[in-house]
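The values are calculated or read from the model by the stated rules, or taken from the named source; none is laboratory data. This one's a predicted model, so the numbers in the text were calculated from it and none came from an experiment. Ideal geometry is used to build each Cβ from the backbone, glycine not excepted, and the neighbour counts take in all protein chains shown. Surface accessibility is based on the protein's heavy atoms, side chains included, excluding ligands, DNA and RNA. Shrake-Rupley method; radii C 1.70, N 1.55, O 1.52, S 1.80 Å.
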Amino acid sequence: MPTTPHPAGPPVDLLALLEELTGGHRTGHREHPVAHPLPVDTDPAELAALRDALGERAGRPRSLARDGAVAPDATRERGGALLEPFGGELLELSAWGHRAHWIGLGRIATATATATATATGSGPVLVVADRPDPARAGLPATSSWVECLAALTGWTPQPRPAVDWPAVEAALGTALPPDYRELVETFGPGSFDGYVDLLTPGGGSLDLRRWAAEVPADLFAPHPAFPAPGGLLRWGGSEQETDFTWRTGAADPADWPVLVREDHAGAWRRFDCGLAEFLARMLTEVGLGFEPSHLVDHHFFETFEGFEDSGGSDGSGAFFKA
């Protein structure tokens, strides 16, 4: 599992550089990897904080080079493209697969000329290369993340009563993210890979409003629970005691990040993306460490319709239009 983030957080300039090199994590279709040597005197604590931030977002790194030797399994499919900018000066390199990019952080040998001699040393380097996004493999770039999930799971949407979203949101006291609404309308109540159960309006024991109303205020500590300002709102459950939530608070629910805790005593992990994108990456990105990505050969969605009470949260069916 990823390491605990550095208490001070990564410095803004290094994160800004990473965002610039990855183009905000949009595929740049660059011909060659881009290497950016960092100042030799970069604070080691700042580099550690950046590593922690990468680990939190993308899981465990893969070691591509150590003590000047390249790993024998450093193929292009496993991040080997990050090695291309370097020759014998590469000393060590760790790689993370994150969305449509490989991101490498390591050290290279440096040489400084003086009036009498050349001094050798080493300095940090950040390098970025494009990779096929595993969550969108073979799909048109215009596909929504819900459409990606349908393709990943082989799901064909079924006719179902339309959700009365104004009634749902009035009952909750908040608007909901648009990708969640699309997800519910496409899939309905059910489970992805038997690993995460989707809470839906009027979903019987998996009713979104019922779970929001019955959550103890301290369940998500140190974060508050919704409806407290910025409180966590659960959107999914799991037999593995994993908490799947949004962090509310942003004026536009489309900007709510996903926060996940894999057991009630564990650390929270934040994913700065929507719910549908998170689900697609949870199923496909091995580096994130979720079981479906490495234990399930063929992803699936199991519908609960016909097994769950499909009425409204109060049994009246009020969340569905006639």
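Being at pLDDT 80 or above and either farther than 20 Å from Asp272 by Cα or in a loop (DSSP other than H, G, I, E, B) (or both) is a property that Gly97 lacks.
For the stretch 286-299, the candidate set comprises residues that are out of contact with any Asp or Glu (no Cβ under 6 Å at 6 or more places or on another chain) and of a type outside the set (Gly, Ala, Ser); within that set, the residue that is surrounded by the most Cβ atoms within 10 Å (Cβ to Cβ) is Phe290. If the condition is being among the hydroxyl-bearing types (Ser, Thr, Tyr), open to solvent by less than 40 Å² (accessible area, probe 1.4 Å) and in a helix (DSSP H, G or I), then the stretch 167-223 contributes Tyr180, Thr186.
Looking only at residues in the stretch 228-243 that are part of a loop (DSSP other than H, G, I, E, B) and closer than 23 Å to Pro189 by Cα, the one that is least open to solvent (accessible area, probe 1.4 Å) is Thr242.
Residues of the stretch 272-294 being charged (D, E, K, R) and not in a loop (DSSP other than H, G, I, E, B), which ones? Result: Glu277, Arg281.
Do we have any residue at all in the stretch 131-138 that's open to solvent by less than 60 Å² (accessible area, probe 1.4 Å) and over 18 Å from the mean Cα position of the chain (by Cα)? Checked against the condition, which is being open to solvent by less than 60 Å² (accessible area, probe 1.4 Å) and over 18 Å from the mean Cα position of the chain (by Cα), the stretch 131-138 yields no hits at all. I'd like to check something: does the stretch 132-149 contain any residue that is charged (D, E, K, R) and modelled with pLDDT under 80? Yes: the stretch 132-149 contains one or more residues that are charged (D, E, K, R) and modelled with pLDDT under 80. Residue pairs whose Cβ atoms lie under 9 Å apart, sitting 6 or more positions apart in sequence or on different chains, and linking a residue in the stretch 264-286 that is closer than 22 Å to Asp252 by Cα and without any contact (Cβ under 8 Å) to a residue 60 or more places away in the chain to a partner that is open to solvent by 20 Å² or more (accessible area, probe 1.4 Å) and of a type in the set (D, E, K, R), are Cys273/Arg99. Restricting the first member to the stretch 194-213 and to residues that are over 16 Å from Arg181 (Cβ atoms), and the second to residues that are open to solvent by 40 Å² or more (accessible area, probe 1.4 Å) and charged (D, E, K, R), the beta-carbon pairs closer than 7 Å and six or more apart or on different chains are Gly194/Glu302; Tyr195/Glu291; Gly204/Glu308; Gly204/Asp309; Ser205/Glu308; Leu206/Glu308. Could you run through the stretch 249-271 and say how many residues are surrounded by fewer than 19 Cβ atoms within 10 Å (Cβ to Cβ), in a loop (DSSP other than H, G, I, E, B) and modelled with pLDDT of 90 or more? Looking only at that region, the number is 5. Cβ separations smaller than 9 Å between residues 6+ apart or across chains give the following pairs from the stretch 119-143 residues that are under 30 Å from Thr186 (Cα atoms) to residues that are open to solvent by 10 Å² or more (accessible area, probe 1.4 Å) and aromatic (Phe, Trp, Tyr): Arg131/Trp102; Ala135/Trp145; Arg136/Trp145. Only one of the listed residues (Pro222, Pro229, Pro216) is within 21 Å of the chain's Cα centre (by Cα) and over 20 Å from Val296 (Cβ atoms). That residue is Pro222. As a summary of the residue check, Ser63 satisfies the conditions (1) outside any strand (DSSP E or B); (2) surrounded by fewer than 18 Cβ atoms within 10 Å (Cβ to Cβ) except for the one numbered (1). The one condition from (1) over 12 Å from the mean Cα position of the chain (by Cα); (2) at pLDDT 90 or above; (3) assigned to a helix (DSSP H, G or I) that Trp246 does not meet is (3). For the stretch 117-128, the set of residues classified as modelled with pLDDT of 60 or more and farther than 15 Å from Gly68 by Cβ consists of Pro124, Leu126, Val127, Val128, listed by residue number. Can you go through Leu47, Leu38 and tell me which one is at pLDDT 75 or above and under 30 Å from Val258 (Cα atoms)? Being at pLDDT 75 or above and under 30 Å from Val258 (Cα atoms) holds for just one of Leu47, Leu38, which is Leu47.
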